[in-house]
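Trainee: Provided herewith is a single structure, encoded as structure tokens, for subsequent inquiry.
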Amino acid sequence: MTVKYDIVHTTVYKYCKPVHFGEHRVMFRPRDSHDLRVLATDLHVSPEATVRMIQDPHSNSVALVQPTEPATELLIVCTFTIEHAQSHNLE
């Protein structure tokens, strides 16, 4: 039997005055495995940002996020849908 999960993870940084942002490395996507399948992912960033997806040496998906303008808030919303196959084998 499989179970489908829709997950939303929100990160917010707030500042008293506008700041310039450096590059952020966002690791939000779980890795596929024998009992877990990633069905969909999405990444929303505010303020506007350039986003590049890379894979690190451990096969993690990493989003390189570079906001394009100063702001008093940085909002990163990661959503994904996964399918988990329940297993009674704990090894």
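Trainee: Name, by its number, the condition in (1) open to solvent by less than 90 Å² (accessible area, probe 1.4 Å); (2) among the acidic types (D, E); (3) farther than 18 Å from F80 by Cα that does not hold for D35.
Mentor: Failing condition for D35: (3).
Trainee: Looking at the structure I just gave you, is D6 without any contact (Cβ under 8 Å) to a residue 24 or more places away in the chain, among the acidic types (D, E) and over 18 Å from P67 (Cβ atoms)?
Mentor: So D6 does not fit the description; no.
Trainee: Looking only at the stretch 13-31, how many residues end up being open to solvent by 90 Å² or more (accessible area, probe 1.4 Å), in a loop (DSSP other than H, G, I, E, B) and under 14 Å from F80 (Cα atoms)?
Mentor: 1
Trainee: Further, regarding this structure: Scan the stretch 31-50 and report the pairs whose first residue is within 17 Å of T79 (Cβ to Cβ) and whose second residue is modelled with pLDDT of 95 or more and assigned to a loop (DSSP other than H, G, I, E, B), with Cβ atoms within less than 7 Å and a gap of 6+ or a chain change.
Mentor: Listed by first residue and then by second, the contacts come to A49/T68.
Trainee: Further, regarding this structure: Filter the stretch 44-79 for residues that are surrounded by fewer than 14 Cβ atoms within 10 Å (Cβ to Cβ) and among the hydroxyl-bearing types (S, T, Y) and give the result.
Mentor: Those that are surrounded by fewer than 14 Cβ atoms within 10 Å (Cβ to Cβ) and among the hydroxyl-bearing types (S, T, Y): S46, T50, S59, T68, T72.
Trainee: Could you please find all residues in the stretch 51-89 being part of a strand (DSSP E or B), in contact with a Ser or Thr (Cβ under 7 Å, 6 or more places away or on another chain) and free of Cβ contacts under 8 Å to residues at least 60 places away in the same chain?
Mentor: Those that are part of a strand (DSSP E or B), in contact with a Ser or Thr (Cβ under 7 Å, 6 or more places away or on another chain) and free of Cβ contacts under 8 Å to residues at least 60 places away in the same chain: M53, Q55, Q66.
Trainee: If a residue must be assigned to a strand (DSSP E or B) and closer than 30 Å to P18 by Cβ, how many such residues does the stretch 32-50 contain?
Mentor: 8
Trainee: (1) within 11 Å of the chain's Cα centre (by Cα); (2) open to solvent by 70 Å² or more (accessible area, probe 1.4 Å): which one isn't true of T41, the others all being true?
Mentor: Failing condition for T41: (2).
The values are calculated or read from the model by the stated rules, or taken from the named source; none is laboratory data. From a predicted model like this one, the values you see are computed outputs, not experimental measurements. Every residue, glycine among them, receives a Cβ derived from its backbone with ideal geometry; neighbour counts consider all protein chains shown. Quick note on the areas: whole protein, heavy atoms, side chains included, nothing else; ligands and nucleic acids left out. Shrake-Rupley method; radii C 1.70, N 1.55, O 1.52, S 1.80 Å.
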